[in-house]
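The values are calculated or read from the model by the stated rules, or taken from the named source; none is laboratory data. Everything numeric here is computed off the predicted structure, so don't read it as measured data. Neighbour counts run over all protein chains shown; Cβ positions are idealised from the backbone, glycine included. What goes into the accessible areas is simple: the full protein's heavy atoms, side chains included, and nothing from ligands, DNA or RNA. Shrake-Rupley method; radii C 1.70, N 1.55, O 1.52, S 1.80 Å.
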Amino acid sequence: MSIESLIQKVSSYDNSEYSKLLHKAAEFSKKAHSKQTRASGEAYFTHPRAVAQILADMKLDALSIIVAFLHDTVEDTDVTLEKISQEFSPEVSELVNGITKINFIEEKSDAVIQAENLRKLIIAISKDVRILIVKLADRLHNMRTLHHIKSEDKRKRISTETLEIFAPLAERIGLQNIKNELQDLSFQTLHQDIHQSVCARVDLLKSGENHKLPTKIIDILEQLFKTHGIEARITSREKTPYSIWSKMKRKKINFEQLSDIMAFRIIVKDILDCYKVLGIIHNHYLTIPRSFKDYISTPKQNGYQSIHTLIMGPEQEKIEIQIRTEKIHKTAEWGVTAHWVYAQERESSGNYHGKQVPNNTYYSWIKELLSILEHSSDPTELLNNAKLEVYHDQVFCFTPKGRVIGLPVGSCAVDFAYAVHSDVGNACVGAKINRKIAPLRTKLQNGDQVEIVTDKTHLPLASWEKFAVTAKAQSSIKKAIRNKKRQEYINLGRIIISHALSKRQINYSDNILSPAAKFFHKQNIEDLLQSIGEGNISPPSAMKCILGNIKTEAPELDKILSKLEATGVKIQNAKHSKNMPIKGIDEDIPLQFARCCYPIPGDPIIGIHQPGKGVVVHISDCETLQNYSASPEKWVDLSWKKNNELQIYSSTVNVIMLNKPGSLATLSIEVSKHDANISNFKITSRAADFFEIAVDLEVKGLTHLASIMASLHTKQCIHSVHRYVKQ
Ligand code: MN
């Protein structure tokens, strides 16, 4: 597009004073950059012009377009901010200044510098979100032309920064298209080979018979809506290679299992039609349980609106459907930001798709980031926190002294303790969440203040592994348990040997064992004692070696040895003391419950052998099991032992209930009537009439859980109760 038509386009939707300065800004930029070229060899001005074009396509105001033209002048030429202020306005100069300040030093990747940059970025955005929008358009054009940069290191560094900082920021302000393109371009640079193979697989899917499927489905759906008298535009929506790849990673599934690559968007004229279309679809096709989401009545935090549902489509294919109005569609693709900018300028209170919302509801996350900035002293810590904050799947909690700890969603108090310090984690015995004593397994919520109670003599428990989610906690717990076991075996080994020696009137000392340690190729005496304790070296042969070295006559040796032999057998048994309520496998194989389905006694169960982990127990219809369908050798038939109900198990149920006073009380009374305990609960969605909560229950088994659920069902204020299944 020529400069002329670009300016014309902007003037067509914004006729403010600034639209008269567009020409001047373009000329000013062209002149200022006249001596520079881009890495591609083109005139430098092509870059600010392209940035202005991206913003004009988003219908950003004339002021933003002017800033786009000028955004690199202060940084790269001898133009000063005073000059811009004189020629244009102090407002323009202020925005250009904001962008100049956050022009990241891409030559350096030092974490401290990166954190400093992020600090500048956040402070700049908090002044005017348009600074971020122009910066995103700038980054987008730089990413589109990244292949001109010769240094691979530099390309990768810029891509990582884009993926970690700019793409999440774009998502947070609702710029879906920019987010997708930034992610995909970064992905292409960082993992060229994976990107190529994902593209090749997508192409393969589209070839042959499958090629016609989307068109066929669109035809069938169009016909269906026509007979109901609804006008709808249906498009098939392709997922980007990056989103396919990250889903494969996140769900640990392969390409074939990625069922929802086919996705359709149905665009209708008004909101009423959205719900009509939804009704028709749900009436005609099988829906996949719990896949339905209504972001029209409850928009996402970034303002996103749409109805999502997953169905078995007309061709018996799983298809994903999004329903929205034309207006919402435009906003979702490009315009939330523009809308917000206008709304902020023109109205005292925001008006959002007919809904009155206070202005400060939007972008409250910028404020959150700023508060982290104020409280963190170490810039690297800030980077870690801030980087995470822009992702949705993080919770932020505080130590009693106000230090911010960022954790993945689903983390519990144990994760928090380990995040503070491994020593705190290892010694933790209890937690106070918001000054109240809470179980260590309690899932943390944003803003929780967590105090960890420690006891230095305490050691981590194996059961923590079941609810700790962070890698740091998991590995520390494993390590501590390994150490604890090792210490026990060492003590046992020492007892066996000193007992045997005392029968020979020999005093035990570690030194006596040195030659034996060498003989058995052990690094040190503790290793030798551990092997003896574990039964890997039989006590008689250890004794033979030890006594041989102290050169003592051993008339009673045989007697002692035979006694020790007996002890040895006992030791072997002691190793297999796992007291799990499950039968069907050797007692010495470690068992753990799967975190996707949380089996409880009474559930039909299946075990999956996992090298290094032992056997993981799933409910026999758990969807995760599909991942192992190709390896039947890993499957183990399991069943519950009787009298297993002495233990307490954790189970989660989703409850949908009326949004009225007393509903929650009814729930908790019913649960306690059954002598069960609620260990945690969380409101997962809330509307005017209903709300949905996830309740973590401590139950004795399936019968117990079923009776609780049944009695909840009888309550009028409770709409539905489902056992939680991880999707
Ligand atoms: Mn630039």
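The table below gives the values:
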item: Residues that are assigned to a helix (DSSP H, G or I), within 15 Å of the ligand (Cβ to nearest atom) and open to solvent by 20 Å² or more (accessible area, probe 1.4 Å), drawn from the stretch 125-150; result: 141, 142, 144, 148
item: Residues satisfying the stated conditions in the stretch 435-480, i.e. assigned to a loop (DSSP other than H, G, I, E, B), more than 17 Å from residue 592 (Cα to Cα), at pLDDT below 85 and over 24 Å from the mean Cα position of the chain (by Cα); result: 435, 456, 457, 458, 459
item: Complete set of residues in the stretch 508-548 that are out of contact with any helix residue (DSSP H, G or I) (no Cβ under 7 Å at 6 or more places or on another chain) and not in a helix (DSSP H, G or I); result: 509, 521, 523, 536
item: Filtered residue count, the stretch 594-618, keeping only those that are over 14 Å from residue 636 (Cβ atoms) and in contact with a strand residue (DSSP E or B) (Cβ under 6 Å, 6 or more places away or on another chain); result: 5
item: Residue within the stretch 486-501 that is farther than 28 Å from residue 460 by Cβ and either open to solvent by 40 Å² or more (accessible area, probe 1.4 Å) or free of Cβ contacts under 8 Å to residues at least 40 places away in the same chain (or both) present; result: yes
item: Residue 463 vs. criteria closer than 30 Å to residue 678 by Cα, without any contact (Cβ under 8 Å) to a residue 24 or more places away in the chain and among the hydroxyl-bearing types (Ser, Thr, Tyr); result: yes
item: Within the stretch 662-677, considering residues that are of a type in the set (Val, Ile, Thr) and farther than 11 Å from residue 697 by Cβ, the one surrounded by the fewest Cβ atoms within 10 Å (Cβ to Cβ); result: 669
item: Boolean, residue 111 is modelled with pLDDT under 90, more than 15 Å from the ligand (Cβ to nearest atom) and open to solvent by 20 Å² or more (accessible area, probe 1.4 Å); result: yes
item: Subset of the stretch 631-658 [assigned to a loop (DSSP other than H, G, I, E, B) and open to solvent by 50 Å² or more (accessible area, probe 1.4 Å)]; result: 641, 642, 643, 647, 648
item: Which listed residue, of 127, 179, 206, is modelled with pLDDT of 80 or more, out of contact with any strand residue (DSSP E or B) (no Cβ under 6 Å at 6 or more places or on another chain) and of a type outside the set (Phe, Trp, Tyr); result: 179
item: Among (1) loosely packed, with under 15 Cβ neighbours inside 10 Å; (2) touching a Gly at 6+ places or on another chain (Cβ under 9 Å) - the single one residue 458 does not satisfy; result: (2)
item: Failed criterion for residue 672 (all others in (1) closer than 19 Å to residue 439 by Cβ; (2) at pLDDT below 85; (3) small (Gly, Ala, Ser) hold); result: (2)
item: Residue 240 vs. criteria of a type in the set (Ser, Thr, Tyr) and at pLDDT 90 or above; result: no
item: Residue match in the stretch 194-204 (condition: within 16 Å of the ligand (Cβ to nearest atom) and crowded, with 18+ Cβ neighbours inside 10 Å); result: no
item: Per-region count, the stretch 281-297, residues within 22 Å of the chain's Cα centre (by Cα) and open to solvent by 30 Å² or more (accessible area, probe 1.4 Å); result: 5
item: Residue tally, condition farther than 26 Å from residue 300 by Cα, more than 18 Å from the chain's Cα centre (by Cα) and open to solvent by 10 Å² or more (accessible area, probe 1.4 Å), over the stretch 159-193; result: 6
item: Considering residues of the stretch 678-694 that are assigned to a loop (DSSP other than H, G, I, E, B) and open to solvent by 60 Å² or more (accessible area, probe 1.4 Å) only, the residue modelled with the highest pLDDT; result: 689
item: Filtered residues of the stretch 220-248 (kept if free of Cβ contacts under 8 Å to residues at least 24 places away in the same chain and exposed (fewer than 13 other Cβ atoms within 10 Å of the Cβ)); result: 223, 226, 227, 229
